[in-house]
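Before any comments, here is the structure.
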Amino acid sequence: MHTPETTKRHSVFYDYQVFPFNRPPEMEGEGTRHPVAIVGAGPVGMVLALLLAKSGLASVIFEAESQVSEGSRAVAFTRRSQEILQLAGAIEPFVQNGLAWDTGRSFYKGREIYKMVIPHDDNDRYKPVLNNSQQYWEEYLYDACEREPLVDLRWQTKFVSFEERDDGVTITLDTPEGEYNLDANWLVASDGGRSAVRRFMGLRMDGIGFEGKFVITDFRAKGMNLPTERRAFFDPPWLMGNTVLVHRQPNDIWRFDYRVPDGEEPSHTLAPDTIAERTKLIMGLIDRDVEWELDWATIYSANTKTLDHYRHGRVMFAGDAAHLLPVFGVRGANTGLQDAENLAWKLGLVEGKGASPALLDSYSDERVMAAREICEEAGKSTRLMDPPSRGFRVMRKVVLSFSLSENFCKDLLNWRTSRPHEYLESSVNAPGDDNSQFEGGYPDGTCARNVKLAEDRYLFDMFGFRFQLLVFVGDEADSAAASRALATMRHRDLVNVVAIGGSFDGADHTVTEGTEAVRDRYGVAGSGLYLLRPDMHVAGRWTTMDLASADANIDRILAIGGHK
Amino acid sequence: MTNHPIDMSTLEAANDLIAEAIDAAGENSELLLAKTLFHLAVHSSGVDALRQSLDVSMHDLE
């Protein structure tokens, strides 16, 4: 019998709610078959469920715990994640309550040696990074799930096992009132780094586990009076060879994150006296001496690991269940949300629109490749934070030392914050389109960018979680051609049509302001088309009003790898 | 010294090559350093560039 902790978790700033176990229909012998079952109600699982709902697909989420995240965990959401949350219909409280930032500063021997400013364009609705504690992220997503009738979130329900058949899975779940079975067409494991589904299947991740241990301490401190920035202090005198990171969260919550001295026992690292002593020393680094109250402390290690495949028959993996990435560069949860977005539109087409299940292999191909790229990049960042050998320890010192007086190697201190992967070789990209004929804009496989149309009005505001067909109208003949083509478009119901530079019958939206800015950003001076996937990556682009080719590419995407 | 932007991949490649060479040389890394600088000065950069590099690198050695 699964009996999760139902005593409220301790926090000096967050009022945990204990969610009850509700007997599901399956325990009354009334269960139905579910299109998608999701294990894990973290940010990835809940965003997946919300996006599936936008595709008209119902899902059921199982969460073993009775409360949201213990501790602040993932504190930084990128602009791309905010755009995904906008698509999921959940962005408002994130922006209202988060702290936006774009600057990272690095210090060595008391001097600022590097300043990183993440680019922000006026065309972007959202700031580069938004900080808040994961408890709040999950609360906002839970609220959105509660409002969504197609999402059924079941607390205190622990995954035990599953059996796979040709047409679905039977999942065994344990609850405070005993076990029950549930049938689903698809099972998604988004149950974190210690994934129970992954362990049940005996799957192992490949990659590097770095030796160093890091500690996070979150505490409340009023009167810090520091801007919202990420600060890194290299080699403080009391922690030579190591690094201290300082992050700000709302509600006067601060995070100190530092590498644990080699050989130190975790019990010593987390002892109140040790934390108090080191917090005082870090306060000295930022020239503050204020009262503070500890909220949460934990030890973690940096990994760059991924499963080889994220699809195993009827089971898919997403987020930390699929890959483990270092926190440096805010890559963990942000990468997971991109997994969720990619998987959601493909599951939506397979389950709801009769696409071939083989389309889900492209989810695995694209996201495994993204994870490998991130592992490669993040591995380089991590080598600076946790040098794996004497040679890299020496070079870390060389880079820091030169950075006091020279500029040439300072870029090695840049973490290269999480960004969308480019699916340049994806099977989803339209073969034989006019991609190579464009000068500028967004090539096939890359992620399209937003455009400011007017005050508080942006191009992405017109998008839903569907394919987007951006129709650039050059003249009246284009309008007539677009209108005629839309009338016979086979997959019209899957497409949100946006007219730019002119209007025509049948368009869902017409851009009337900021037209030149859209043309400029997408590299279309006259006539042209962009077909964007629901996750906003470019699926194809044409220099003429060739809506039939865009339609044919959707047809091809639905049939990738064969037929259902 | 130089302020012009240097390609990130060049920086990373140089960083990693030197780190791996130090690891390979083990206790003999000081000898490796001298040999490498001597070789670079004679075959690539010249003595003036070596002198300039040594001046810049002499700072912050403690």
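Quick notes on this one:
- Taken across the range A:326-336, residues that are more than 30 Å from A:Pro261 (Cβ to Cβ) and either open to solvent by less than 20 Å² (accessible area, probe 1.4 Å) or of a type in the set (Lys, Arg) (or both) do occur, with at least one present.
- Hits in the range A:450-468 (condition: part of a strand (DSSP E or B) and within 20 Å of A:Asp124 (Cα to Cα)): A:Lys452, A:Leu453, A:Ala454, A:Arg457, A:Tyr458, A:Gln468
- Residue check, A:Glu377 acidic (Asp, Glu), under 30 Å from A:Val36 (Cβ atoms) and at pLDDT below 95: no
- Unique residue being touching a residue at least 12 places away in the same chain (Cβ under 8 Å), buried (at least 22 other Cβ atoms within 10 Å of the Cβ) and assigned to a helix (DSSP H, G or I) when the list is A:Glu366, A:Glu373: A:Glu366
- Subset of the range A:382-426 [within 8 Å of chain B (Cβ to nearest Cβ), hydroxyl-bearing (Ser, Thr, Tyr) and part of a helix (DSSP H, G or I)]: A:Ser401
- Residue match in the range A:338-348 (condition: within 14 Å of chain B (Cβ to nearest Cβ), at negative phi and free of Cβ contacts under 8 Å to residues at least 60 places away in the same chain): no
- Filtered by the rule that a residue be of a type in the set (A, V, I, L, M, F, W, C), within 14 Å of the chain's Cα centre (by Cα) and either part of a loop (DSSP other than H, G, I, E, B) or within 9 Å of another protein chain (Cβ to nearest Cβ) (or both), the range B:5-62 gives B:Leu11, B:Ala14, B:Ile18, B:Ala19, B:Ala21, B:Ile22, B:Val56, B:Met58.
- Within the set A:Glu83, A:Glu70, A:Glu65, the sole residue that is under 26 Å from A:Leu130 (Cβ atoms) and crowded, with 24+ Cβ neighbours inside 10 Å turns out to be A:Glu83.
- Taking the range A:265-303 as the range and being touching a Pro at 6+ places or on another chain (Cβ under 8 Å) and open to solvent by 10 Å² or more (accessible area, probe 1.4 Å) as the test, the residues that pass are A:Leu281, A:Leu285, A:Leu294, A:Ile299, A:Asn303.
- Answer residue from the range A:287-321, given it is within 22 Å of the chain's Cα centre (by Cα) and assigned to a loop (DSSP other than H, G, I, E, B) and is farthest from A:Val44 (Cα to Cα) among those: A:Asp308
- Any hit, the range A:125-141, residues being basic (Lys, Arg) and free of Cβ contacts under 8 Å to residues at least 12 places away in the same chain: no
- Residue that is out of contact with any Gly (no Cβ under 8 Å at 6 or more places or on another chain), open to solvent by less than 20 Å² (accessible area, probe 1.4 Å), more than 14 Å from chain B (Cβ to nearest Cβ) and touching a residue at least 40 places away in the same chain (Cβ under 8 Å), where the choices are A:Gln437, A:Gln468: A:Gln468
The values are calculated or read from the model by the stated rules, or taken from the named source; none is laboratory data. Quick caveat, the model's predicted, so the values are computed rather than measured. Cβ atoms come from the backbone with ideal geometry, glycine included; neighbour counts cover every protein chain shown. Just the protein is used for accessible areas: all its heavy atoms, side chains included, with ligands, DNA and RNA removed. Shrake-Rupley method; radii C 1.70, N 1.55, O 1.52, S 1.80 Å.
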